[in-house]
Amino acid sequence: SMGLQSPTDFYIGEQRALQWTNNVDIVGAAKMRNRSINIAAGGEFRIDTYGIRRGDSASYENGGQAILDGTAQGQLAAIGAQGMFGFQPIDEVAASRSSVAAYIDLESRLFPRLLVDGAARAERYSDFGGTIDEKFATRVDLFPGFALRGSIGTGFRAPSLNQSNFATTRSTFVIKDGVAGVYQIRTFPVRTAEAKVLGAQPLEPEQSLSLSAGIVFDRPSLPTVTIDYYDIRIDGRIVSSSEFIDSSVTSLLAAHGTSGVAGAQYFANAADTRTRGADIIARYATVLGREGILQLVGGYNQTRTRVADVRSTPPELNSIQATLFGRTQRGIIERAQPDRTLMLTTDYSFRRFTVDLHNQRFGKTALLDASDPASDQTVESAWITDVGLSYKVGRRVTASASVANVFDVYPSEWIDFKDGVNATGLSIAGNSRYAVAISPFGANGRTIYLRLTYR
């Protein structure tokens, strides 16, 4: 928007975070009625700070000049640095808080085959009050090499200073009414007047309850196997709201002093979630005499996170037909991570040589469209194979070579990429081929590394 005077590089400002933590821990043992009790206790004092500093003025100002040429000649030009809008003076913040905590943990083998552990932690934040959380765990050795274990505990997480104070304006690619376009979206801290007129409420701490149960099999000359099931419930999970993009939002923000943006969002305690899953891990190692050492590890994880409840959309958003927590936001929680992962690793060492073979299968992921299931983007499951070879040249020097993603696997293409320059979806007119945003293994393809290490 500065015409021929528009710069081509910018300082967009910065975010700064600092944490100062002091801990004291005391560990010991005591005897009570011929039973040994392991005791751990301690305290913590922590200071957190977070700040935003503005960028140079060209990164966010409106130069006022129209587009000089091309098919859009004469139209208003987008303001600020394109793609990475600079932090503005109104974004600047310097926030801090402190917390103090104390805990105690008691562990004892009540019977030869029964181990129990109980812990409690009390914590007080300068901005969110206090909490007391507990955990109880136990392990029962049914017979040599076979045990059952389980735990139950509560949790507390105060909103981060970033979630409470982050503010920025960014250019984002959005499909609206079936047509793709670049919009400037502003993230408002919940304390601001603009967020409040869109129904924002002060952030509250997340509360959680977690349960786990498992078995352990560990016998000589056989693989060590652990199987664990877990169930985690989070109330008041803090997430980004939907992006409110509408002419009514633009007008509403302009009436409260914010112009030049097409939409808005903020952080909110928008949903309660439940995560259930299982881990299966098997390990085996054997010495092959003079032929070296072989180690095998196999792992399987299945995890499903579901939105159990959604907080009501504020009346301020109902009046402009916007949704606090929409289909896309639900999909980020429920579908953006693989629900199944399988891992197989082989490590073989012979004298100065070590060979590693790692295979991992990632399950499907998806990005849900705001309203149309037919436009959902899926990344199909895939195997990724890595191979490494190292040789110990001397006592301190090791040479190694490795190949990541040996078979050059790429994630699925954006569904509209096939349309090339006529594409109206997330491939941005055919410029972006792979759905990297929701791929668990990226889109770098095969990568070769050579290393020389000195210790």
Ordering L18, L342, L203 by the accessible surface of their heavy atoms, 1.4 Å probe, largest first, yields L18, L342, L203
Fraction of alpha-carbon pairs in the stretch 215-273 farther than 14 Å apart, rounded to whole percent, equals 71
quick shape note, the stretch 250-387: Cα extents on principal axes in Å, largest first -> 80, 32, 28
Across the stretch 443-455, in residue order, what do the Karplus-derived ³J(HN,Hα) couplings come to in whole Hz, using 6.51 cos²θ - 1.76 cosθ + 1.60 with θ = phi - 60° and x for Gly and Pro?
9, 8, x, 5, 9, 10, 10, 10, 9, 10, 10, 10, 10
What do you get for chymotrypsin sites (Phe, Trp or Tyr not before Pro) in the stretch 334-413 restricted to DSSP loop and a cutoff of at most 13 other Cβ within 10 Å of the site's Cβ?
F407
Whole-Hz couplings from phi, Karplus 6.51/-1.76/1.60, listed for the stretch 203-218; x for Gly and Pro
5, 10, x, 7, 10, 9, 9, 10, 10, 8, 8, x, 10, 10, 10, 9
Label point at I47 placed 7 Å out along Cα→Cβ; residues across the stretch 92-113 whose backbone nitrogen lies under 17 Å
94-101
How big is D, in µm² s⁻¹, for the stretch 32-163 by Stokes-Einstein at 20 °C and 1.002 mPa s if Rh is the Kirkwood radius over C-alpha pairs?
104
Extension length gain for D339 and A29 (0.36 nm per residue less Cα distance), in nm, is 107.4 nm
How are the Cα pair distances of the stretch 30-85 distributed, in percent, across 5 Å bins from 0?
4, 12, 11, 10, 8, 5, 5, 5, 5, 4, 5, 4, 5, 5, 4, 3, 3, 2
Rg and Dmax of the stretch 393-455, Cα atoms only, in Å
18.5, 60
Length-normalised contact order of the chain in % [C-alpha pairs under 8 Å, at least 6 apart]
8
Please list 3J(HN,Hα) in residue order for the stretch 414-426, calculated via the Karplus relation 6.51 cos²θ - 1.76 cosθ + 1.60 where θ = phi - 60°; whole Hz, with x for glycine and proline.
4, 5, 9, 4, 4, 7, x, 5, 8, 5, 10, x, 7
If each DSSP helix of 4+ residues adds -39,500 (n - 2.57) and the sum is divided by the residues in the chain, what number results at 222 nm, nearest 500 deg cm²/dmol?
-1500 deg cm²/dmol
Probe 1.4 Å - accessible area at L106, Å² to nearest ten
80
Under a 5 Å amide H to amide H cut-off, with H placed in plane at 1.01 Å, what residues pair with D416 once short-range neighbours are removed?
L426, S427
Share of accessible surface on carbon and sulfur in the chain, whole %, 1.4 Å probe and ligands ignored, is 56
Just grab the label-to-label distance for D9 and A255, each label 7 Å out from Cα along the Cβ direction, in nm (one decimal).
4.5
When only C-alpha pairs under 8 Å and at least 6 residues apart count, what is the relative contact order of the stretch 373-426, in percent?
33
So who's got an amide H within less than 5 Å of the one on G430, skipping anything under 5 residues away but keeping other chains? H placed 1.01 Å off N, in plane.
A423
Among (1) 49; (2) 55; (3) 29, the entry derived from the coordinates for percent of Cα pairs over 36 Å apart
(1)
Contour minus Cα-Cα span, T424 to D56, at 0.36 nm per residue, comes to 129.1 nm
Please list, ordered by chain and number, the residues whose modelled amide H lies under 5 Å from the amide H of R113; skip anything fewer than 5 residues away on the same chain.
none
Within the stretch 334-368, whose backbone N sits under 18 Å from a point 7 Å along Cα→Cβ of Y183?
368
Where the only charges are on Cβ atoms (+1 Lys, Arg; -1 Asp, Glu), what is the dipole of the chain about its Cα centre, to the nearest 20 debye?
2080
With the crude spin-label approximation of a point 7 Å out along Cα→Cβ, what separation in nm comes out for Q75 versus V216?
6.5
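The values are calculated or read from the model by the stated rules, or taken from the named source; none is laboratory data. Since we're looking at a predicted model, the values are computed, not measured. All Cβ positions, even for glycine, are placed from backbone atoms using ideal geometry, and neighbour counts span all protein chains on display. Surface areas here come from the heavy atoms of the whole protein model, side chains and all, with no ligands, DNA or RNA. Shrake-Rupley method; radii C 1.70, N 1.55, O 1.52, S 1.80 Å.
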